[in-house]
Structure formats: structure tokens, C-alpha cells
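The values are calculated or read from the model by the stated rules, or taken from the named source; none is laboratory data. No experiment lies behind these values; they were computed from the predicted model shown. So basically every Cβ, Gly included, is an ideal-geometry build from the backbone, and we count neighbours across all protein chains shown. Just the protein is used for accessible areas: all its heavy atoms, side chains included, with ligands, DNA and RNA removed. Shrake-Rupley method; radii C 1.70, N 1.55, O 1.52, S 1.80 Å.
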Amino acid sequence: MSSEVEQVPIVVDGDEITDVRFPESQQELAETLRSLQRDGAHALIVGGGTRPAFGNLGGPFEFAISTGKLNRILQYEPDNMTMAVEPGCTILQIREALAANRQSIALDAAHDSRSTIGGAYATGMSGPRRLGGGSLKDWVIGVEVMGPDGVNAKAGGMVVKNVTGFDMMHLHYGALGAFGVVTRLNLKVFPAPTASRSIQLTYDSAEDAHAAAVALLTSQLLPASIVVSNVPSGWQTSVRCDAPAEAIDLLVQRMMDVAARAVAPNATDLTEDGNNALSTFRAVADLATDGAVARLPIRASLQPAALPRLADAGWAVCADVGSGLVYARRPSIESIKDAGIDAFASATWLSLPPHLKADCDVFGPTPEAVQPILRRLKDSFDPKRRLNRGRFALGL
Amino acid sequence: MATQDRSELLRSLAAVVGEAWVVSDPAGLSVYQYDASDEAIAGIHQPVAAVLPATAEEVRDVVRVALAHGLPVVPRGAGTGLAGGAIACRGGVMIVMTRMTRILEVHEVDRYAIVEPGLINLDLSTAIAHRGYFFAPDPASQRACSIGGNVANNSGGPHCLKYGVTSNHILGLEVVLPDGSLTWVGGSSAETPGFDLTGALVGSEGTLGVVTKAMVRLTRTPEEVAVLLASFPTMESASRAVTAIIADGILPASLEMMDALTITAVEAAFHCGYPLDAAAVLLVELDGLRETVAEHREAVARLCRLHDAQQVRSATTKAEQDLLWLGRKAAFGTLGRLAPNYYLQDTVVPRTKLPSALEFVGQISRDFDIQIANVFHAGDGNLHPLMLFDRYRAGEIQRVLEAGDALLAHCIDAGGSVSGEHGIGMEKKDALSLVFTTDDLAAMAGLKRSFDPRELFNPDKVFPTAFSCGGFNLKQQALEVDGMYVV
Ligand SMILES: Cc1cc2nc3c(=O)[nH]c(=O)nc-3n(C[C@H](O)[C@H](O)[C@H](O)COP(=O)(O)OP(=O)(O)OC[C@H]3O[C@@H](n4cnc5c(N)ncnc54)[C@H](O)[C@@H]3O)c2cc1C
Ligand SMILES: Cc1cc2nc3c(=O)[nH]c(=O)nc-3n(C[C@H](O)[C@H](O)[C@H](O)COP(=O)(O)OP(=O)(O)OC[C@H]3O[C@@H](n4cnc5c(N)ncnc54)[C@H](O)[C@@H]3O)c2cc1C
């Protein structure tokens, strides 16, 4: 087992958890969970531990349960384009297994040798490649979740189309482990693009960079991702192109033409590695333990005004244009109210100093009518608040 | 229901929507006893009233009236469902969406539209085609079915192989919840922070809420579309070609198969140009960038020939493409030429299991002496065997249902599932026990009860008859009291 798996202790919002359990089988996990019930204890669930601080202030936790050793690929059927994995499989592990059959999943997790698929699913976040490839929630065709009673419940299956029973795959997606420990994910996978390139176009203003991005978004050229961000030299539009190897040169050229026809860039940079388009995104969206990272649902059509305003207020910004999301990051923040921008009213705070978390729900406002449903869900799946207590929306 | 209560109910409903939009006479209500499902289900149950509201607020108020009378609520779109989902099996108030058909907003740059639930699926794509966008989920019934019905059933369709099922295309929903509140869940961005109740509502068959508006994702029309028709000497060779195409890393927009019986019926009706001497035809649509489509068209033709295709033809004009598709989309209807009735199964197997599943269909056809036509989404492994019969012949319905059960059991054994796209409704609820344990169902019941503690929204659907959502609650109470329970 790699040493990375056994990174202890775990620190969440300033609290240190030294007792970390590493069940190696479903039975061991069930026993651990039952002991939780028996002892009246509370546990934090961890995957690779790359984003343990995401969520509301929770706890305290007597111990943590890591899925690090539940990391087997259970089933892989390339011809059916399906794969079943345990939650502790890292994104890299899955990517490498798929690559052997020229298949892939379009997950952009920043620390892919540590980020687990269970963690990616529980946080419910995808990177900008969701534009071309959809997000993880679109590829999960089955799920198994173990409740605090140690009982596994499954939904979905191993077929790519299935409407048998309720869609629990969506319920647990982004639920941050509030309703149980994800113990198995069945994925639908895709043929890998045979070639990928990144184009980075630099502009003076956010409006121009955004106009170029929208020209590409509304074209028929199918960019895999489009990101607009502020960089030292101004504003940058980063585009990832995926295509058959025979077609990639022509496609890149056509994309640059479309963008330049909208607004000619000051500079163009082209790289062989499609992933370069993500580096600026990661720099902004990545976790800052001492600062603040917000995800703002700002539609593409409203972004040209929002981006410079955010930048003027001191935020590093990055717009995932195709998804209508803007990520904003600041190394330090005194108070949420002083954040300076109306848009923060609807923010999800991906990272926030603990003393500020105490003042807000990091998931943003939850519609009133939905609140009793969320409470009943938690009551139904984890009535004694044994798992990840307090960390989900509404402090559930 | 007591006469006085009934009159009061009808008065209250009329006060919300106007008298003209409350149907309560037996003749008028008989229309709402049916959907497109099997005769064994449809036709038996009648709602107390069917109400046709015009706005979300009216839907909310109708729900409130029903709740005040302790009556079940059954949402209904166009009634094309094949699993008896829109049948009022416990009476109550049926809420029919056919007047709520407006497209309220279209945002090209943000790539979404807000529509009312009664809007016919195809009408949305038609209305936005000139802007260069379409709504990707395309059930074969898309000329008739509603978007609300698509959402409730998480419907599929030929293009779902590449574009995904309905849930991939719903960003947010306005719903009336079982407590009578009207609210939005989800929103215009791709990620909802923290919880995804939109995702849980899609596919819940009207048991968790009534959809009053949908925020749907719009997909850019592809630059290039190619449609190929390949004919094969056996179903097996066609199935192997399907696997070979996918294994080659090609993801067609759709990959549909039809067997000889279907080809005969379709050709007689529409003259689409399907070869009459073939045992199977594959309809392959490729779309995307010019360069990619050109690459893949060559590869698909080569792979089909490698798997014994007798003929591979590429439609060159849009009219030719449409004609090839017409045959597929209208196929179910043309089978009326061969028999007065058909019973349609909707099951799904891992794609590589298609050859053996189809062989089993042949076996069932012989064993039960039933003609079975196959027209289905081969790329997804989603089978639609249509068993042809005459319901006025003694014992026919029973024989067909037994054959259907045998098929379902086989597909589940092969790693498949109960329904690929048509839903569970009343028809298949007992089959859920074939794939799910009591613990699995208890978790689903937890979702149901969190939304609908009184179990008044489309009751007696989805969950097996013998399974009680209430039973799950007792288990939870034990958990509350003791801190743990013994299973
Ligand atoms: C600030 C931020 C930025 C991000 N940026 C990107 C990005 O650029 N691209 C991208 O693709 N993704 C991004 N993500 C999502 C990211 O991929 C996931 O957060 C990451 O994969 C988590 O993996 P992990 O194993 O380290 O999880 P951890 O950090 O260990 O856990 C994360 C959360 O998931 C819960 N959890 C973990 N495993 C399970 C399980 N088996 N069952 C139930 N709950 C579980 C934990 O309790 C915890 O709440 C981002 C997330 C955050 C918070
Ligand atoms: C010839 C034919 C071909 C078909 N082909 C396909 C196909 O290729 N793919 C496929 O997936 N299906 C197919 N179907 C099945 C059917 O058309 C779909 O399930 C469709 O989505 C049902 O829509 P509807 O408006 O007719 O819904 P209805 O039949 O009226 O209702 C279906 C379910 O949705 C619920 N519902 C309806 N509206 C709402 C609402 N506003 N809020 C909450 N719940 C609601 C109902 O309660 C019921 O449970 C086909 C049917 C026929 C007859």
C-alpha cells in the first residue's frame, strides 16, 4: 500500500484527528460503522484527504474512516464501456486502467494520484472538461452506499441505460457523505480522444477574452473545455481541443480562427498537452487552507460584467464558461460581507477560514421548501448524525 | 367517496381552474383510465377527477385541494407511458399537463430553455432548430410525449447513446412538493451546491413531486451528420458489428437495430428502402465535427463489412436521412399490420450480451409460439421485443405476459435490468424485487418518505406490492430508539 494512503493525522478546520481507521474490506467497514453506533461515536469519512476541509464546520469526530484501502477495480468491461470500482481508487489509477484500452473519463481532479473517485463523487465537483465530456454524475450508472448501521444499499446497475427504481446515484452525488459511505461506483466510460491540444489566447480585457470564449462556445467546434481567467499579462482564454489525431491540426486552426474573428488576441500559445488549459483553472479552484475559494453560479451571458468586478475587488478569477460557473480565490479574507460582490450571496465556499464558516452555510442558501426534505433525508439515512456530522448543507 | 365530499372536492377544484377544466363524468374520465401500457393495467382504474390546470400556481392549488381531502395526486403528461405510470390506481385527482405547453425562455449563450411540462418533446427542438440548438433526449414517441413525462420517466431514445438520457439534460425543475409548496430545485449552472434534488426527482415517475417547469439543457446542432444503413444476414452478425464499432473507440450518435419482421412491416408502410432480404438492419448515425464524422463513417462501413454486412449504404441528403429515420421512429405503429395487439418489453443487457439475449428472444418465440419483432437501441443494449398477439383469443394475454417474464428473468441473469427507459409504474413494480434487496428498497423508501411522508403522490407505483414504505419507517424508529437495530 502506498504511504500516501496512510497520511495521518487528518486536520479539518483546525481540528486534528489522530485515530484513522483503514478498513480493507466491506465487512471491516461494516464492523467499523457498527462500532460507531455501539459507542455512540462520530466519524469523519476521508478519501484521499485532498479536500477534507470542504463543507460546513462539523464534528467533533472521535475518529476518521479512510477508504484508502478500499481501492480495487472490481470489474472492467471495455466492450461494454463500463467499470465498477471501490471508492478509494484514485483518479490516476482509474485513468491508467482505462488508457490501456484507449478509454477515459473526463475528470480533472487536481491531485489525481491522491484524489479518490469516492471523494470526487461525494464533493460533486467536476472540472471544466464537463463541457465536452459531461460531469461525473452523468457517468455514474450504479452506486452502493453503506449506512451507519453497516448495511449496504445499492441502486442502478452495470448497464448504461436503466430506470429501475429511484436514482440514488444522483442523491448521493455531492452529498459529502451525509447519507452514508459510498462503497462502490459503477461508471460508464468513454473512448479516449486520440489527440488533445491546448490553446491559450491572451487579451487586455475580460470582455474580450470572454467574447472569444463565447464565440467558441456557440460555434459547432465542440471545445472540450473553455476557461477565462485573469493572468499577470491581462486576461486569458484557455481552450482544450480533443479530436482524432488526423483531424486535430485542422480543428485547432479552425478554433483559433473563430476566436480571432470575434476578437483578435494579443498573444497565442499552443501546447501539445490538452491538460495545460486546466492549469489556470486549478490555480484558482484548488484548495487554499488559509484563504477563500468560492464557486459562483454566474451564467455565461452575465460573466463579462462580473469578471472584472471580481478582479477589481481583489479576487483571482476563473470562469468555467461552458458550465456557467465562476471560481474566485483570495489568499485572505476578513469577512464574507466585505467580499465586495453581490454574487457571493449565492456562493458555495469551497474553502473558507473556520471562523468565517461559523457565520454561514458554505453551500449557500437552500430554498425554504427543500429544507424539511433535506432534514428528513438525513434523519432517514443517518438519524444519529454519526457520519460527517454538521458538514453538509444546513449543517446536517 | 361520499357524494357530499365529492361535490365539495369538485367545487374546490373548479374554483382553482374553472369548471371547464375539471373532468368528472364517467365518459370523460374513461380517457384518463388509459396510457399506452398493456391492457392488463390500463382501463381499470378511474380517478375521481381529472384537472387541467394552466399555470404552476394552479397546479399547486389543485394539489392543495387534493391534499386537504386526503386524496392521492397523479400527474399526467401525454399518456404515452408504457408502464402504467399515469394511471390513478388508487383513484384521487389526476393532474393533466396538456394545457401547459409554453416555451417560456430560450438562452442560447447559456444553453438552456425554460419550458412548461406539457410541451411536446419534438416541439421544443422544432422551435429552436433555426437557432442551431436541439433538445437531445428523443424518445421514439417524441411527436406525442411531453417533457414532463420525459423528466418523470428519465426517458431515453435513439440519441441517448452519445448524448445521455433525460437526466443529463435537466438543469433545474420547478415542482409542487407533496406538502403543497411550489419551489425551484437546481438551476442554470451545471453544478448545484451540495445536494442534487433535481437528479433525484428525474426518473421518480411523479412520486416525489409534480413538475411545473423544467430548465432544460440545449445542445448545439452538430456540424455534420451522417446516417448509414447496414444490412446483415443474421441478428448475431449485426450485434457483433455493434460491439466492434464501440470497441473501435467510435461513439455514434445512435445505433439502432431492426429485425426481419420489423423491416417487412416498415417497408410495407413507408418504403424507406430497408432491404427486404436482410435478417437485420443497423441504422447508424454519426455526428460532430466534419473531420471526425468523415473518419468514423469509413470505419463504421469497414467494420460492418468485416462482420458480414450484405450492404452498407450512406444517406447523402437530409431527405434520405429523414426517410431512413422515419422507418425506425414509426416502427411500433407499423406492426399493427401484422397483429391486432403487441406487448412491448423494455429490458436492458450489457451490450456484449446482445447476441445471446437475442438468441433467447428467438427461443421464447418458438417455445411460446408467439411472433416477436425486435426494434431497439442496440448501442445501449436496450432491447424492445414486441410480442404480437390477438387479445380476443383465449389465453393469449396470459401467454404473452409469461413470455415477457421469462425474457426479463433471462436479461437480469445476464447482468441486465428491469427497465431501460420506459419506467416501472404499475406494470413492473413487482419485478423490482428481482434486482433489489429489501435493504436497497428501504433506502429508496427513505427518499420517497423524505419527500412524501403521507404517500399521496402517485401511490402504488415503483415499489413492489409486498414492500411497504411504512415498514421502512418502523425500522428507522427502532434505529432512533435503540441507536442500532438487528437486521
Ligand atoms: C476546492 C475544490 C476544488 C476542486 N477542484 C476540482 C477540479 O479542479 N477538478 C475536479 O475534477 N475536481 C475538483 N474538485 C473536486 C475534487 O476532485 C474532489 O474534491 C477530490 O477528488 C476529492 O478526493 P479525495 O479523495 O481527496 O476526497 P477527500 O478530500 O478525502 O474527501 C472529500 C469529501 O468527500 C467525502 N468522502 C470521501 N470519500 C467518501 C466516500 N467513499 N463516501 C462518502 N463520502 C466520502 C469526505 O467525507 C469529504 O467530505 C474540487 C473540490 C474542491 C473542494
Ligand atoms: C410508440 C411509443 C414509442 C416510445 N418510445 C420511447 C423511447 O424511445 N424511449 C423512451 O424512453 N420512451 C418511449 N416511449 C414511452 C413514453 O413515450 C415515455 O415514457 C414518455 O416520456 C412519457 O411521456 P408522457 O408525457 O406521455 O407521460 P405520461 O405517460 O403521461 O406519464 C408518464 C409518467 O410521468 C409522470 N408524469 C407526467 N408528467 C409529469 C409531471 N409534469 N410531473 C411529474 N410527473 C409527471 C406520470 O405520473 C407517469 O408516472 C414510447 C412510447 C410509445 C407509445
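If you take the residues in segment A:309-336 that are open to solvent by 30 Å² or more (accessible area, probe 1.4 Å) and within 16 Å of ligand 1 (Cβ to nearest atom), which one is nearest to the other protein chains (Cβ to nearest Cβ)?
Only one residue fits best here, namely A:329.
Looking only at segment B:125-169, which residues are open to solvent by less than 30 Å² (accessible area, probe 1.4 Å), within 13 Å of ligand 2 (Cβ to nearest atom) and among the aliphatic types (A, V, I, L, M)?
B:136, B:147, B:151, B:152, B:161, B:165
For residues that are more than 9 Å from chain B (Cβ to nearest Cβ) and assigned to a strand (DSSP E or B), scanning just segment A:149-187, find the one that is farthest from ligand 2 (Cβ to nearest atom).
Result: A:181.
Filter segment B:49-83 down to residues that are open to solvent by 10 Å² or more (accessible area, probe 1.4 Å), within 14 Å of chain A (Cβ to nearest Cβ) and in contact with an Asp or Glu (Cβ under 8 Å, 6 or more places away or on another chain) and give me whichever is nearest to ligand 2 (Cβ to nearest atom).
Per the criteria, the residue is B:81.
Of the residues that make up segment A:98-116, is at least one within 23 Å of residue A:27 (Cβ to Cβ) and not hydrophobic (A, V, I, L, M, F, W, C)?
Checked segment A:98-116: at least one residue is within 23 Å of residue A:27 (Cβ to Cβ) and not hydrophobic (A, V, I, L, M, F, W, C).
Residue by residue through segment A:123-138, note down the ones that are within 6 Å of ligand 1 (Cβ to nearest atom) and either aromatic (Phe, Trp, Tyr) or open to solvent by less than 20 Å² (accessible area, probe 1.4 Å) (or both).
Correct list: A:126, A:127.
Does residue A:31 qualify as being outside any loop (DSSP other than H, G, I, E, B), within 14 Å of another protein chain (Cβ to nearest Cβ) and either charged (D, E, K, R) or under 19 Å from the mean Cα position of the chain (by Cα) (or both)?
yes
Report, by residue number, each residue of segment B:375-390 that is out of contact with any Gly (no Cβ under 9 Å at 6 or more places or on another chain) and farther than 18 Å from residue B:141 by Cβ.
B:378, B:379, B:388, B:389, B:390
Would segment A:331-338 turn up any residue that is over 20 Å from residue A:210 (Cα atoms), of a type in the set (A, V, I, L, M) and in a helix (DSSP H, G or I)?
Looking for residues that are over 20 Å from residue A:210 (Cα atoms), of a type in the set (A, V, I, L, M) and in a helix (DSSP H, G or I), one finds at least one in segment A:331-338, hence yes.
Restricting attention to segment B:320-327, does a residue exist that is under 30 Å from residue B:41 (Cα atoms) and either in contact (Cβ under 8 Å) with a residue 12 or more places away in the chain or more than 16 Å from ligand 1 (Cβ to nearest atom) (or both)?
Yes, because at least one residue in segment B:320-327 is under 30 Å from residue B:41 (Cα atoms) and either in contact (Cβ under 8 Å) with a residue 12 or more places away in the chain or more than 16 Å from ligand 1 (Cβ to nearest atom) (or both).
Taking segment B:402-456 as the region of interest, how many residues are under 21 Å from residue B:94 (Cα atoms), open to solvent by 10 Å² or more (accessible area, probe 1.4 Å), more than 9 Å from every other protein chain (Cβ to nearest Cβ) and touching a residue at least 60 places away in the same chain (Cβ under 8 Å)?
Within segment B:402-456, residues that are under 21 Å from residue B:94 (Cα atoms), open to solvent by 10 Å² or more (accessible area, probe 1.4 Å), more than 9 Å from every other protein chain (Cβ to nearest Cβ) and touching a residue at least 60 places away in the same chain (Cβ under 8 Å) number 4.
Quick check, is residue B:174 facing another protein chain (nearest Cβ under 7 Å), surrounded by fewer than 23 Cβ atoms within 10 Å (Cβ to Cβ), touching a strand residue (DSSP E or B) at 6+ places or on another chain (Cβ under 8 Å) and charged (D, E, K, R)?
The answer is no for residue B:174.
Only one residue in A:306, A:264 is open to solvent by less than 30 Å² (accessible area, probe 1.4 Å) and modelled with pLDDT of 85 or more. Which one?
Among A:306, A:264, only A:306 is open to solvent by less than 30 Å² (accessible area, probe 1.4 Å) and modelled with pLDDT of 85 or more.
Of the residues that make up segment A:364-371, is at least one closer than 15 Å to residue A:55 by Cα and within 15 Å of ligand 1 (Cβ to nearest atom)? Spell out how you get there, then give the answer.
Taking segment A:364-371 as the starting set, the residues that turn out to be closer than 15 Å to residue A:55 by Cα are A:364-366.
If we keep only those that are within 15 Å of ligand 1 (Cβ to nearest atom) as well, we get A:364.
For segment A:364-371, residues closer than 15 Å to residue A:55 by Cα and within 15 Å of ligand 1 (Cβ to nearest atom): present.
Among residues belonging to segment B:188-237 that are assigned to a loop (DSSP other than H, G, I, E, B) and more than 12 Å from every other protein chain (Cβ to nearest Cβ), point out the one that is least open to solvent (accessible area, probe 1.4 Å).
B:206
Out of curiosity, is residue A:192 open to solvent by 20 Å² or more (accessible area, probe 1.4 Å), under 22 Å from the mean Cα position of the chain (by Cα) and of a type in the set (A, V, I, L, M)? Quick ask: steps written out before the conclusion?
Numbers: open to solvent by 20 Å² or more (accessible area, probe 1.4 Å): yes; under 22 Å from the mean Cα position of the chain (by Cα): yes; of a type in the set (A, V, I, L, M): yes.
Yes; evaluated as a whole, the condition is true for this residue.
Answer yes or no: is there a residue in segment A:256-272 that is assigned to a strand (DSSP E or B), β-branched (Val, Ile, Thr) and more than 23 Å from residue A:316 (Cα to Cα).
Yes, that holds for at least one residue.
Name the residues in segment A:341-363 that are surrounded by fewer than 16 Cβ atoms within 10 Å (Cβ to Cβ) and over 22 Å from residue A:52 (Cα atoms), would you?
Residues satisfying the conditions are A:342, A:345.
How many residues does segment A:78-98 contain that are open to solvent by less than 60 Å² (accessible area, probe 1.4 Å) and within 14 Å of another protein chain (Cβ to nearest Cβ)?
7
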